[in-house]
Structures are given as structure tokens and as C-alpha cells.
Amino acid sequence: MNNGNIVEITNLKKGYDKGKIKALNGIDIQIRKGEFVSIIGPSGSGKSTLLNMIGALDTADDGLITVAGNDLMLKKDLSDFRSKKIGFIFQLHNLIPNLSVLENVIIPMYGNGYKSSHMSKRAMKLLKYVKLEDKAERKPTELSGGERQRVAIARALANNPSIILADEPTGSLDSKNGKMVLERLKELHEKENVTLIMVTHDMNVAAMAERTIEVLDGQVQT
Ligand SMILES: Nc1ncnc2c1ncn2[C@@H]1O[C@H](COP(=O)(O)OP(=O)(O)OP(=O)(O)O)[C@@H](O)[C@H]1O
Ligand SMILES: [Mg+2]
């Protein structure tokens, strides 16, 4: 991680279906540590694919990608990188339905050598942060959409990530709940200097970021 960039992407390519679909077709992006960037573009333009590459959920075919000093093209085991550096917030929150809210927030902390009392305490603190401490013992299915998305924020923060990747975090929410989710994310960026990379269809939401990157047909529009 030289020159203050936490994400360095050069000519990144990713194809699906034996290369017939060029999801990413030569992407170049630099993101500074602590920056809040929104990513916009039409459906199918490659936004989620790009986010998955940055979070090492999938590997690229060609090009260079370095995130928080890790060369993701080396294809070594990146589970440690994923769990300690990255917090994911997915559009459909991906909470585990038969675990309590508290347990959902604890899950990413497993395997990091913490005592269970420490993990519970930290998870409660995060639930307090998203104003859900009174719902800790409920199941996700007993919560509203906005509350579930706030649990997803708490879970994304479990391991104190330096980067939060959010894919349409407000996509399924009404404006009031969407606003609450956004305020929490913005505050994290402002107070904790977390790097926030957020995909959105909503131009008002995109405008909250310091910079907007537009993706079209797997390339950055300039
Ligand atoms: N697992 C996959 N297998 C095959 N093709 C895929 C796969 N994932 C994505 N694609 C294709 O890659 C392209 C980019 O998809 P991607 O999900 O990145 O788009 P997106 O910009 O996130 O769209 P949306 O706004 O609808 O979420 C699309 O043409 C899509 O159909
Ligand atoms: Mg998508």
C-alpha cells in the first residue's frame, strides 16, 4: 500500500462463461485510505463483480489488484484477509435465519482466538451502535428489513475492518430505514476513518460519497 491508496486496480479483467461474458473489461481504480466512494452504473455493468474482486470473494482473470497491501492476484489463501480487513454488507443481508441476532454478529469473530465472553460483549456493543440491543435474542425473521440491514452493519464491523464493501445496502429499504442505514455508514467513515465503497442505483445516495465512480460495460467511465 504505497502512496496512501488502500485499493489499487489496474486493467482488471474478469470473464464468465468461458470468457463469453466480459463482466470486467479493463478496470482502473485507485481508492485512498479512508475515502468514501460510490459506484454507480446500469444493471449488469459489473458493479457486484468488482466489489467481489476487492473483497477477494472471487479472483480476476487478468490485471493487477492490491487491497490493503495484499496482492490479490497471487491467489494464496485469503480467508484471513477477508475476515480481518473487509466488512461486507450485501443487498439481501445474508443473515442466518435460525441464529439469534447476537449470534449472527458473533459469527465473523469465530476462529480469531477470542473468548466467548469477549465476543458477546463486542457483539452487544455493536448492536447498541445500530440501536438494536433490545433485539439481540430475536431471530432475523422477526425483524423489519431496516433492522436486518442494521444487524448486517453490526456483523460487518465485528472484526474492525479497514474497508467496508456495501452492495446496494439501502436497495430493499424505504427512505426512512435507508436513511438510518446510510447515516450509520457515513458516521463510520467520518469518525473511524473506515474506507467505504458502496454500490447504489440511487443518485441521491451516491451523492453522499466524496467521489462517484461510474461503471459501464465492465469499464470505468471517465
Ligand atoms: N456467476 C456468474 N456467472 C455468469 N455470469 C455472471 C455471473 N455473475 C455475473 N455475471 C454476469 O456478469 C455481468 C456483470 O454482473 P454484475 O453482477 O457484476 O452486475 P451489476 O452491475 O452488479 O448489476 P446489478 O445492478 O443488476 O446488480 C452481467 O452480464 C452478469 O450477467
Ligand atoms: Mg449487482
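Here are a few things to note about the model shown:
- Using a probe of 1.4 angstrom and keeping all protein chains present, the accessible surface of the chain works out to 50 square angstrom per residue.
- Spatially, the stretch 8-43 and the stretch 179-222 are offset by 15 Å when compared through their Cα centroids.
- What the phi angles of the stretch 4-9 give under the Karplus curve with 6.51, -1.76 and 1.60, with θ = phi - 60°, is a coupling list of x, 8, 8, 10, 10, 10 Hz, glycine and proline written as x.
- Per residue, the convex hull spanned by the Cα atoms of the stretch 158-222 amounts to 110 cubic angstrom.
- Kyte-Doolittle mean at least -0.5 and Cα axial length at least 30 Å: DSSP H helices in the chain: none
- For Thr212, the amide hydrogen comes within under 5 Å of the amide hydrogens of Ser38, counting only partners 5 or more places away or on other chains and with H modelled in the peptide plane.
- Heavy-atom accessible surface of the chain: percent carbon and sulfur, 1.4 Å: 48
- Among the GluC sites (Glu not before Pro) in the stretch 142-222, those located in a DSSP loop and surrounded by at most 14 other Cβ atoms within 10 Å of their own Cβ are Glu210.
- Ranked from largest, the principal axis spans of the Cα set of the stretch 32-178 equal 47, 39, 28 Å.
- For the chain, calculated [θ]222 nm from helices alone, where every DSSP H run of n ≥ 4 adds -39500 (n - 2.57): -9000 deg cm²/dmol
- Computed from phi, the 3J(HN,Hα) profile of the stretch 25-35 under the Karplus parametrisation 6.51, -1.76, 1.60 (θ = phi - 60°) reads 10, x, 8, 10, 8, 10, 10, 6, 4, x, 7 Hz, with x in place of Gly and Pro.
- The relative contact order of the chain comes to 30 percent, based on Cα pairs under 8 Å that sit 6 or more residues apart.
- Calculated P(r) of the stretch 16-85 - Cα pairs past 15 Å, %: 58
- Given +1 at the Cβ of Lys and Arg, -1 at the Cβ of Asp and Glu and no other charges, the dipole of the chain around its Cα centre is 600 debye to the nearest 20.
- Near Ile21, the amide H atoms lying under 5 Å from its own belong to Tyr16; only residues 5 or more places off or on other chains count, and H is placed 1.01 Å from N.
- Cα-only Debye scattering, the stretch 103-195: base-10 log of I(q)/I(0) at q = 0.18, 0.19, 0.22 Å⁻¹: -0.82, -0.91, -1.18
- Gyration tensor verdict on the stretch 132-173 (Cα atoms; rounded if a/c is under 1.5, prolate if a/b is larger than b/c, oblate otherwise): oblate
- Measuring between their Cα centroids, the stretch 56-86 and the stretch 94-130 lie 25 Å from each other.
The values are calculated or read from the model by the stated rules, or taken from the named source; none is laboratory data. What you are looking at is a predicted structure, and each value in this text was computed from that prediction instead of being measured. Every residue, glycine as well, gets a Cβ built from its backbone with ideal geometry; the counts of neighbours run over all protein chains shown. Heavy atoms of the whole protein, side chains included, go into the accessibility calculation; ligands, DNA and RNA do not. Shrake-Rupley method; radii C 1.70, N 1.55, O 1.52, S 1.80 Å.
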